[in-house]
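Asks: Sharing a structure here in structure tokens format.
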Amino acid sequence: MRAAQTDPEYLSRLQDYYARWRCIPAYDRLCQVLHLASRSAVGKVLERLRLQGYLERTPDGAWVPARRFFERFMAQQAVQAGDPAVDVGAGLTTVLLDDLLVDTPSRTLLLTVRGDSMSGANIFEGDVVIVERRQAAAPGEIVVALVDGELTVKRLLQDAQGWLLHPENPLFADIRPQGTLELVGVVAGLARRFAKAGA
């Protein structure tokens, strides 16, 4: 006899389905996804997840993810880069990636990096930089700027000749604007997905 599933297990199945298809399916499909025998059993699970803040209903009755649906597990202990530590599963909490990387959603812009002029700052081609849109930045901050009509990510510096954009790769030269330098925003973080083995 199979042990009864728990709400966290149901939630995990829903999260995996949503990650692939970007929707909460209809009840008949949910019976298969959640491994439940009836629509009424599915309805009870969905209602419990709604009460816990993972799901909500639209005015026309459709089920959609709520904010907590996108929480991810985070270990309270930092990972060791040296000797192994204790069990990573001990003391898990949940966090939204937005809470870690985004201060003001309405001013946040994501941009994919092209080229390797910022490799010395550990920003590589294919990375997605998380940019807080601002009209001013301090010298030393990494910024996204529109310089002479070209969009670039560089470190903003200032010297006796004025503002310049400095690459973090010795193979590239500093950029001094010949005309306009318009700040798009300051890089607040980045996201990088490693290639899967065998891909």
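The values are calculated or read from the model by the stated rules, or taken from the named source; none is laboratory data. Remember, predicted model here, so these are calculated numbers, not experimental data. Cβ atoms come from the backbone with ideal geometry, glycine included; neighbour counts cover every protein chain shown. Just so you know, the surface numbers come from the protein's heavy atoms only, side chains and all, with ligands and any DNA or RNA stripped out. Shrake-Rupley method; radii C 1.70, N 1.55, O 1.52, S 1.80 Å.
Asks: Please enumerate the residues belonging to the stretch 15-57 that are of a type in the set (S, T, Y), over 27 Å from the mean Cα position of the chain (by Cα) and assigned to a helix (DSSP H, G or I).
Replies: Y27, S40
Asks: Oh, and also: Got a sec? Which of D83, D60 is assigned to a loop (DSSP other than H, G, I, E, B) and modelled with pLDDT of 85 or more?
Replies: Answer to the check: D60.
Asks: Follow-up question, since we're still on this one. Are any residues in the stretch 1-25 aliphatic (A, V, I, L, M) and either modelled with pLDDT of 95 or more or open to solvent by less than 50 Å² (accessible area, probe 1.4 Å) (or both), and if so, which ones?
Replies: Within the stretch 1-25, L11, L14, I24 meet the criteria.
Asks: Report the residue count in the stretch 149-169 for those that are free of Cβ contacts under 8 Å to residues at least 40 places away in the same chain and farther than 18 Å from E132 by Cβ.
Replies: 11
Asks: Residues in the stretch 126-141 that are touching a residue at least 24 places away in the same chain (Cβ under 8 Å) and more than 19 Å from the chain's Cα centre (by Cα): how many?
Replies: 5
Asks: Would you list the strands (runs of 3 or more DSSP E) that sit entirely within the stretch 126-199 and hold 1 or more residues that are open to solvent by 70 Å² or more (accessible area, probe 1.4 Å)?
Replies: Here the list reads 128-133, 150-159, 162-166, 181-191.
Asks: Also: Please determine, by comparing only the residues of the stretch 94-118 that are assigned to a helix (DSSP H, G or I) and more than 25 Å from F73 (Cα to Cα), which one is modelled with the highest pLDDT.
Replies: Here is the first cut: in the stretch 94-118, the residues assigned to a helix (DSSP H, G or I) are 97-101, 105-107.
Subset that is more than 25 Å from F73 (Cα to Cα): 106-107.
Values: S106: 85, R107: 90.
Applying the filter and picking the extreme gives R107.
Asks: Which pairs turn up if I take residues in the stretch 94-116 that are under 16 Å from R192 (Cα atoms) and open to solvent by 100 Å² or more (accessible area, probe 1.4 Å) and look for partners that are in a helix (DSSP H, G or I) and not acidic (D, E) with beta carbon separation below 9 Å, at least 6 apart in sequence or on another chain?
Replies: Hits for this filter: L97/F70.
Asks: Would you confirm whether or not the stretch 135-157 contains a residue that is over 23 Å from T108 (Cβ atoms) and touching an Asp or Glu at 6+ places or on another chain (Cβ under 6 Å)?
Replies: no
Asks: Any residue in the stretch 15-44 that is among the hydroxyl-bearing types (S, T, Y) sitting within a Cβ distance under 6 Å of a residue that is open to solvent by 30 Å² or more (accessible area, probe 1.4 Å)? List the pairs, counting only those 6 or more apart or interchain.
Replies: Here the result reads Y27/R39, each pair linking the stretch 15-44 to a residue that is open to solvent by 30 Å² or more (accessible area, probe 1.4 Å).
Asks: Next question. If a residue has to be touching a residue at least 40 places away in the same chain (Cβ under 8 Å) and of a type outside the set (A, V, I, L, M) to count, how many in the stretch 45-75 make the cut?
Replies: 5
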